[in-house]
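Presented below is the structure to which this report refers.
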Amino acid sequence: MKTRLTGVILLSMVSGLAAVVLRWLVNPWFMDQPQTYAFFTLVPLLPLGWWLGPWLPRLARPALWAIFSVGLFGLALVPPLGAKLPAKLVVIGIDGATWSVADKTSMPHLEELVSTGQRGTLLAAEPLFSPLLWTTLATGQPPEVHGIQGLKVQATQSKAARFWEIARDAGVSVGLYKWLVTWPPPADAVSGFTVPAWLAADASTHPSSLSWVKELELSRRVKRKQVPATRSTLAMVLSGIPDGLRWSTLWAGLRFSLMERLSPLPERKRDAFLRRLRLRIDRDVFIAQLHEHRPEVATFTVYLTDALSHTHWSRDGGRYVESAYSLADDVLGEIREQFGPETSLIVLSDHGFRNAGEEVGSHAAVPKIPALETWLEQYVGEVDVVRVGRKLVVTPDVPVDDDVLQRTMSLLTLDSGDPLFRVEVFPRKIAWSLSIEHLPPLASWADTQIAGLALTALVREGRTEEGEHAPEGIVVLSSPGLTPGDLGTVSQLDLMPTMLALMGLPVADDLPGSSWVEESVPRVPTHAHLAPGSGSQGEVTNTERLRELGYID
């Protein structure tokens, strides 16, 4: 019996020692769920120790070694973290967040920020297309000035300087985590870190050691693989543990893998689970990188709220969407906890959300892109066509006159004389949207031709999305010495001047927006010389490449 107990004690010490090494030498955040870690490791190790006991070295005083083993687990519970981080500004993006959901959801961390800061409705301008809007927020300029309007874009093509370029020029270190249009990441000489968002065409990050994050995302997309992984899942997990991956995140991934093998989840539940898992991975890595690189300015963007608002808006009474908001609030609270009281914090969304409504149509039809894009290019030249909710957003390379547009779209008319699409031209004529307006009965789709195209080349049967973008987003500003209050309805163009003022950097006279806080340094005429490019350089991301990645159909 003693020899078998000795084996149990020795192997329990292996589990405890591994926990200590991981916590104190590899990843201070790893042991965040000690109960499941102990269960997962001790359940197989203790029976193995009982079996191997007669062949293992004997312990002179097993009771003391048992106490030592327990002590190892106790030591693994103590996080070796230091003081709060002294950043100047942290920006947390909650993509698609709207007050109509946030106000009815338990979000204690956001509510605390509102109680001590200033809350407002951040108004976006059409087209409500995320890459365009996040660039408007980052530059303080409208799309016709910053030039990011479609999908065939990359970070080097912005015609206006983003706040991180101005900060870096002033010697301020920046950490960017999944802000849109940040691919390709900067050169290794730049301080801080950059993990690009979903528009990235490959797994490049800065530093390159974080590339496993993008490789996992690009090769394990929710619906299907799009980019082959160069490493196994185990190899990516092992790369991720030193970069901040926590045991609770790994445990959730393992549970999902087991569920998929035993009883696969329905598509929508699987979608929601994987997206929530991705946010946990992002949270883990971001917080670890904050402590590793200690940037003075940092951003983190949550895309879970937008994704589930599209697909799960009213499902189960909105439970999925409210759960996404609650998880986003948990992440917000953890991020805020890393910083001291001198750090300014902004929480915002690029747009809001609303029920798509019955007026969009009761048919279960989804517009298709490739054939329509090719057909349009015959009449109006090169265009980008992107699905945003139930709408298609069409962005031409050059402006299109209204009469040309109307004549072109009038060709897409059914035999009944009804137009297939409803057309809406956005302000400034930089783009227009197409929404399915009329369709014949489903049984006749296969035999219907329209403008020389088969109707089935333009639409497909499928589930329609329950939520759609709305202009009214959220913003909360918390800063030392700020008087609590209501910002009211404010423009996205105001964000850039506000961030520069909070960083103590000069606001440019050519920025059309206004700062919400007092500017402490004299203004400069422009920051245009810091813009990365004219938009004509290095167009390596083309429409076909984006289709291969699964970003467009």
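Things worth noting here:
- Euclidean distance between Cα centres, region 1-54 to region 141-196, Å: 45 Å
- Convex hull volume per residue in cubic angstrom - Cα atoms of region 2-76: 79 Å³
- For PHE193, nonlocal amide neighbours, meaning residues 5 or more places apart or on other chains whose placed amide H falls under 5 Å from its own, are VAL174, GLY175, LEU176.
- Rg and Dmax of region 288-332, based on Cα coordinates, read 14.1, 42 Å.
- Using the Cβ-Cβ distance between ARG523 and SER491 with R0 set to 25 Å, the FRET efficiency from 1/(1 + (r/R0)^6) comes to roughly 0.85.
- Taking θ as phi - 60° and the Karplus parameters 6.51, -1.76 and 1.60, the scalar couplings of region 175-185 work out to x, 10, 10, 6, 6, 5, 6, 10, 9, x, x Hz in sequence order, x denoting glycine and proline.
- Percentage relative contact order, the chain, counting C-alpha pairs under 8 Å, at least six apart: 25 percent
- The convex hull around the C-alpha trace of region 361-464, projected and averaged over every direction, spans 6.2 square nanometres.
- Value of relative contact order over region 2-76, rounded to a whole percent, pairs C-alpha under 8 Å and six or more apart: 56 percent
- Using θ = phi - 60° in the Karplus curve 6.51 cos²θ - 1.76 cosθ + 1.60, the 3J(HN,Hα) couplings for region 136-147 round to 4, 4, 6, 9, x, 10, x, x, 5, 9, 6, x Hz; x is entered for Gly and Pro.
- Annotation: amide H-H contacts under 5 Å for SER514 (H modelled 1.01 Å from N, sequence separation of 5 or more, or interchain): ASP494.
- Least to most buried among MET499, MET259, MET409 (fewest other Cβ within 10 Å first): MET259, MET409, MET499
- Degrees between helix 370-380 axis and first principal axis of the chain (Cα, 0 to 90, nearest 10): 40 degrees
- Share, in percent, of DSSP beta bridges within the chain that are antiparallel, nearest 5: 55 percent
- Between 0 and 90 degrees, the angle of helix 319-337 with respect to the longest Cα principal axis of the chain falls at about 60 degrees.
- Least to most buried among PHE73, PHE193, PHE40 (fewest other Cβ within 10 Å first): PHE40, PHE73, PHE193
- Distance between modelled label sites at LEU254 and ARG61, nm, 7 Å Cα→Cβ extension: 3.4 nm
- The residues packed around LEU500, meaning those with a beta-carbon under 14 Å from its beta-carbon, carry a net charge of -4 if Lys and Arg are +1 and Asp and Glu are -1.
- Where a label projected 7 Å from the Cα of ASP402 along Cα→Cβ would reach, residues of region 411-447 with amide N under 17 Å: 423-433
- In straight-distance terms, cross-link reach from LYS84 covers every one of the aspartates and glutamates whose alpha-carbon lies under 16 Å from its own, apart from those fewer than eight places away in the same chain; here that gives GLU292, GLU296, GLU334, GLU337, GLU342.
- Distance histogram in 10 Å bins (all Cα pairs of region 127-202, percent per bin): 20, 55, 24, 1
- If you plug the beta carbon distance of LEU414 and LYS104 into 1/(1 + (r/R0)^6) with R0 = 51 Å, you get a FRET efficiency near 0.80.
- The chain, helix-only ellipticity at 222 nm - DSSP H runs n ≥ 4, -39,500 (n - 2.57), divided by all residues, nearest 500: -12000 deg cm²/dmol
- Here the calculated FRET efficiency for TRP51 and ARG315, from their Cβ-Cβ distance with R0 = 60 Å, stands at 0.80, rounded to the nearest 0.05.
- With a simple spin-label model that places each label point 7 Å from the Cα along the Cα-to-Cβ direction, the separation between THR3 and ALA451 comes to 8.4 nm.
- By other beta-carbon atoms within 10 Å, ranking ASP284, ASP243 with the fewest at the front produces ASP243, ASP284.
- Note, ³J(HN,Hα) from phi for region 254-270, Karplus 6.51, -1.76, 1.60, rounded to Hz, x at Gly and Pro: 5, 4, 4, 4, 5, 4, 4, 7, 8, 7, x, 6, x, 3, 5, 5, 4
- Under 5 Å, built H, 5+ apart or other chain: amide partners of VAL459: LYS368
- Against the rule of thumb 2.2 N^0.38 Å, how large the Cα Rg of the chain comes out: 1.08
- Part-to-part distance (alpha-carbon centres) for region 266-316 and region 92-108, which is given in Å: 14 Å
- Between ALA83 and VAL21, the contour length at 0.36 nm per residue exceeds the Cα-Cα span by 20.2 nm.
- Listed cross-link partners LYS152/LYS429; LYS269/LYS391; LYS178/LYS368; LYS159/LYS391; LYS178/LYS214; LYS88/LYS178 are compared with a 21 Å cut-off, the Cα-Cα value being larger for LYS269/LYS391; LYS178/LYS368; LYS159/LYS391.
Only the coordinates and a few stated rules stand behind these numbers; no lab work does. Predicted model only: the values in this text are computed from it and were never measured. Heads up, the Cβs are rebuilt from the backbone with ideal geometry, glycines too, and the neighbour counts pull from every protein chain shown.
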